[in-house]
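Contents: one structure, followed by commentary.
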Amino acid sequence: MEEIDTSVNKKRSFFRFWNQPKHAAYLFMAPSIIILLFFMVIPLIGTLGLSFFNINIFFTGTKFVGLDNFVQFFHDQRAINSMWHTVYFTLLETPTQVIVGTVAAAALSRTTLFNRFSRSVFYVPVICSLTTSGIIFSMLLDPNIGWIPYVLHQFGMSTPQFFRDATLAMPSIAVMTVWKNFGVTMTIMLTAIQAISPSLYESAEMDGANKKQQFFHVTIPQIIPSLGFCVMTNLIGSMQVFDQIYVTTAGGPEFKTESAVQYIYSRGFSAPYQLGYASAVATILFVIIAVLSVSSNLYMSHKEKQMR
Amino acid sequence: MEARTADTTELVDSTKKSNYHRNKVIKSIIFKIIMSLLILIVVFPFLWLLLSSFKYEKDIITYPPHIFSGKYTFQNYIKVWDTIPLLGYVKNTVIFAGATMLISLVLDSMTGYALARMEFKGKTAFYYFVMVSMMIPFMVYMIPLFIEMNKMNLLDTYTGLIVPRATTAFGIFMMRSNFVGLPRDLDEAARLDGLNEWRIFTKIMLPLSKPTLMALAVFTLTNNWNDLLYPLILTTTSSMRTLPAGLALFTGQHISFYGPVMAGAVISMLPLFIIYIFAQKYFVQGSAMSGMKE
């Protein structure tokens, strides 16, 4: 009898212990934290570790090579080119998307039936995968079956080859990405614009500011933080460009559109399966992205402080 | 004399007004034309795909290309199931994206709840851990993740696809913002009534969070449904591919028939499109939330 009592008591005190918020919190968080540790933190450390080894996908002939992989990177023209292609894509895509998204948001900020309809339409490409977008555009821009090259040809241009043309391929991919993603920027900027107090516009109007002046002197300063956020996430996202290139050009023609992530992927997951070297390139790309995000974060918070 | 001046000023005033009014109308018409053009640019690729997917192959490859064709057919939608293992792709995508969505809703809201409404040792550290996790791109750690899954024999399994995605830092962040916004006295009153922590969470807090849960649900569903690189790396056999990975590889190989690929592309985006029509505000809310990261 007594034994049962103590076990019940034990059970109760056990329950009471874990039912206190300061202890229960750990139980609530445990699954997520364990998953993040196992499938993100450990692999992340693994990337740095692997980059010091020569290791292939079959784990044969694994050898510690120190910094050799990093040295190799600076002699690997294809790797360095892939970085430049990534930067080129980013410089094409990010400003265009932020401008198109912001202008669309500003133009559609008032809630009328027409505006609401336009917003819903502009968001549709966002839910379409980059893979599907890539398939659509590679057919639509195909010189043989595509409609757009044909129309441009009718206007007297020589049929553009878009994805097959070394100079046109990357801009085409960037335009397609803007088409697919500007709805996200529009949505974020719309939230920011609609949060601006109407009294600011009223007083600007009383001072005789026209619509254009209002946009540049009232709207823009008010949405700077959101604008900065969009630029930052876009920059970081563009630096990881992969899907749309993989589907449309696969890095071609002649590696002219190969992005950094794509180079990492093809180095690691196709012959010669150099996981160590691919990890070194991934580490370098990570450092670039980390520097970008930290510095733009610092710059934005500095700007915000200045404006107050 | 005085009366005449008054008359003319009134006249000038009214012409000014009608001019102003006319300008406004013209401006609104120009605005609508520009927006309609933009709408056309956004919609045209989809319409073109949809129309072409119902054309006969010979009408697709004809030159000069026509937007409309005389005859339409369902044959691409029938042939696609034989040319591409599409049924398998659909099944894999539904299982992967669906299960990931359901599990991550539970885990993300649990963690978000703890971070928002409980006081415990190391809370700030955990919070910063989640915030930093949000900024780490997948491509950086995909190679060791592949090795890890390979060693655990989890490549080409649903478990292997689902578990690493079963929680996201963004989801935790989103749920935390939601729970921070709920009134403080709710859980205090419940605690006085003798409800335990789990019941407070499930019976009181979660029902109040339905809108955020919906937004997070469509957000994770879309992300995983559309993801390419992640399933591409964690699956190696054709029978485990998801829609994007399968279609990408299929178009990567030389396309011999365009029609079935077009039909496949339509089928791959149809489910999300239908959900979007009914739950549009939740999609938009998810995007808007991502803009409030700070």
Worksheet entry | Boolean, B:ASP82 is in a helix (DSSP H, G or I) and away from every other protein chain (no Cβ under 11 Å) | yes
Discussion item. So in the stretch A:167-205, with the set limited to residues that are β-branched (Val, Ile, Thr) and within 12 Å of chain B (Cβ to nearest Cβ), which one is surrounded by the most Cβ atoms within 10 Å (Cβ to Cβ)?
Written reply: A:THR185
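How many residues does the stretch B:122-148 contain that are outside any helix (DSSP H, G or I) and more than 7 Å from chain A (Cβ to nearest Cβ)? Full working, then the answer.
The initial filter retains those residues of the stretch B:122-148 that are outside any helix (DSSP H, G or I), namely B:122, B:134-137.
Restricting the remaining residues to those that are more than 7 Å from chain A (Cβ to nearest Cβ) gives B:122, B:134.
Residues that pass the stated criteria total 2.
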Response to the item:
Of the conditions (1) part of a loop (DSSP other than H, G, I, E, B); (2) more than 9 Å from every other protein chain (Cβ to nearest Cβ), the single one that A:LEU152 does not satisfy is (1)
Worksheet item: Just to be sure, is B:THR100 farther than 21 Å from B:PRO271 by Cβ, surrounded by 21 or more Cβ atoms within 10 Å (Cβ to Cβ), in contact (Cβ under 8 Å) with a residue 40 or more places away in the chain and among the polar types (S, T, N, Q)?
Response: no
Discussion item. Against the definition (within 31 Å of the chain's Cα centre (by Cα), more than 9 Å from chain B (Cβ to nearest Cβ) and surrounded by 20 or more Cβ atoms within 10 Å (Cβ to Cβ)), how does A:THR47 come out, yes or no?
Written reply: no
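In the stretch A:262-276, what residues are among the hydroxyl-bearing types (Ser, Thr, Tyr) and more than 10 Å from chain B (Cβ to nearest Cβ)?
Of all residues in the stretch A:262-276, those among the hydroxyl-bearing types (Ser, Thr, Tyr) come to A:263, A:265-266, A:270, A:273.
Result: A:TYR263, A:SER266, A:SER270, A:TYR273.
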Worksheet item: Looking at (1) under 22 Å from A:PHE59 (Cα atoms); (2) modelled with pLDDT of 85 or more, which is the only condition A:ILE289 fails?
Response: (1)
Worksheet item: What are the residues in the stretch B:43-71 that are surrounded by fewer than 18 Cβ atoms within 10 Å (Cβ to Cβ), within 7 Å of another protein chain (Cβ to nearest Cβ) and in contact (Cβ under 8 Å) with a residue 24 or more places away in the chain, if any?
Response: B:ILE61
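Enumerate the helices (runs of 4 or more DSSP H) found wholly within the stretch B:188-287, keeping only those where 3 or more residues are polar (S, T, N, Q) and closer than 20 Å to B:LEU102 by Cα. Talk me through it step by step, then tell me what you get.
Details: elements: B:210-226, B:229-234, B:243-252, B:258-278.
It comes to B:210-226.
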Item to complete: Would you please name the residue that is surrounded by the fewest Cβ atoms within 10 Å (Cβ to Cβ), looking only at residues in the stretch B:225-235 that are more than 10 Å from chain A (Cβ to nearest Cβ) and in contact with a Phe, Trp or Tyr (Cβ under 9 Å, 6 or more places away or on another chain)?
Response: B:TYR230
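Do you know which residues across the stretch A:108-123 are more than 7 Å from chain B (Cβ to nearest Cβ) and part of a helix (DSSP H, G or I)?
We begin by selecting, within the stretch A:108-123, every residue more than 7 Å from chain B (Cβ to nearest Cβ); these are A:108-113, A:115-117, A:119.
Of everything in the stretch A:108-123, those that are more than 7 Å from chain B (Cβ to nearest Cβ) and part of a helix (DSSP H, G or I) turn out to be A:LEU113, A:ASN115, A:ARG116, A:PHE117, A:ARG119.
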Worksheet item: Which of (1) in contact with a helix residue (DSSP H, G or I) (Cβ under 6 Å, 6 or more places away or on another chain); (2) surrounded by fewer than 24 Cβ atoms within 10 Å (Cβ to Cβ) is the odd one out, the single condition A:SER266 does not satisfy?
Response: (1)
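Please go through the stretch B:171-187 and pick out each residue that is buried (at least 21 other Cβ atoms within 10 Å of the Cβ) and either in a loop (DSSP other than H, G, I, E, B) or of a type in the set (A, V, I, L, M) (or both).
In the first step, residues of the stretch B:171-187 are kept if they are buried (at least 21 other Cβ atoms within 10 Å of the Cβ); the result is B:171-176, B:178-179, B:187.
B:ILE172, B:MET174, B:MET175 - these are the residues of the stretch B:171-187 that are buried (at least 21 other Cβ atoms within 10 Å of the Cβ) and either in a loop (DSSP other than H, G, I, E, B) or of a type in the set (A, V, I, L, M) (or both).
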Worksheet item: Can you pull out the residues in the stretch B:182-218 that are at pLDDT 90 or above, more than 27 Å from A:MET40 (Cα to Cα) and among the small types (Gly, Ala, Ser)?
Response: B:SER209
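Tell me whether the stretch A:196-219 contains one or more residues that are over 16 Å from B:PHE138 (Cα atoms) and touching a Ser or Thr at 6+ places or on another chain (Cβ under 8 Å). Lay out the reasoning, then the answer.
Taking the stretch A:196-219 first, the residues over 16 Å from B:PHE138 (Cα atoms) are A:196-219.
Among the residues that remain, those that are also touching a Ser or Thr at 6+ places or on another chain (Cβ under 8 Å) are: A:196.
Yes, the stretch A:196-219 has at least one match.
Name the one entry in B:THR222, B:THR242, B:THR212 that is facing another protein chain (nearest Cβ under 8 Å), among the polar types (S, T, N, Q) and crowded, with 21+ Cβ neighbours inside 10 Å. Don't jump to the end; show me each part of the working.
Working: B:THR242 fails: facing another protein chain (nearest Cβ under 8 Å); B:THR212 fails: facing another protein chain (nearest Cβ under 8 Å).
Selected residue: B:THR222, the only one of B:THR222, B:THR242, B:THR212 that is facing another protein chain (nearest Cβ under 8 Å), among the polar types (S, T, N, Q) and crowded, with 21+ Cβ neighbours inside 10 Å.
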Fill in: Residues located in the stretch A:38-86, provided they are within 27 Å of A:PHE182 (Cα to Cα) and without any contact (Cβ under 8 Å) to a residue 60 or more places away in the chain
A:TRP84
Response to the item:
Looking across the stretch B:153-167 at residues that are assigned to a loop (DSSP other than H, G, I, E, B) and not small (Gly, Ala, Ser), the single one that is nearest to the other protein chains (Cβ to nearest Cβ) is B:THR167
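Would you mind finding the one in A:GLY228, A:GLY252, A:GLY208 that is more than 20 Å from B:LEU232 (Cα to Cα) and surrounded by fewer than 17 Cβ atoms within 10 Å (Cβ to Cβ)? Steps first, please.
Working: A:GLY228 fails: surrounded by fewer than 17 Cβ atoms within 10 Å (Cβ to Cβ); A:GLY252 fails: more than 20 Å from B:LEU232 (Cα to Cα).
It is A:GLY208.
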Discussion item. Among the numbered criteria (1) buried (at least 18 other Cβ atoms within 10 Å of the Cβ); (2) outside the structural domain of A:SER259 (by TED's automatic domain parsing); (3) among the charged types (D, E, K, R), which one does A:GLU93 miss?
Written reply: (2)
Worksheet item: What pairs can you find where one residue is in the stretch A:3-29 and closer than 15 Å to B:MET110 by Cβ, the other is loosely packed, with under 11 Cβ neighbours inside 10 Å and modelled with pLDDT of 85 or more, and their Cβ atoms are less than 7 Å apart, with a gap of 6+ or different chains?
Response: A:PRO21/B:GLU119
Worksheet item: Would it be correct to say that B:THR168 is buried (at least 18 other Cβ atoms within 10 Å of the Cβ), among the hydroxyl-bearing types (Ser, Thr, Tyr) and touching a Gly at 6+ places or on another chain (Cβ under 9 Å)?
Response: no
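The values are calculated or read from the model by the stated rules, or taken from the named source; none is laboratory data. Please read these numbers as outputs of a predicted model, since none were measured by experiment. Neighbour counts are summed over all protein chains in view; Cβ atoms, including those assigned to glycine, are modelled from backbone coordinates with ideal geometry.
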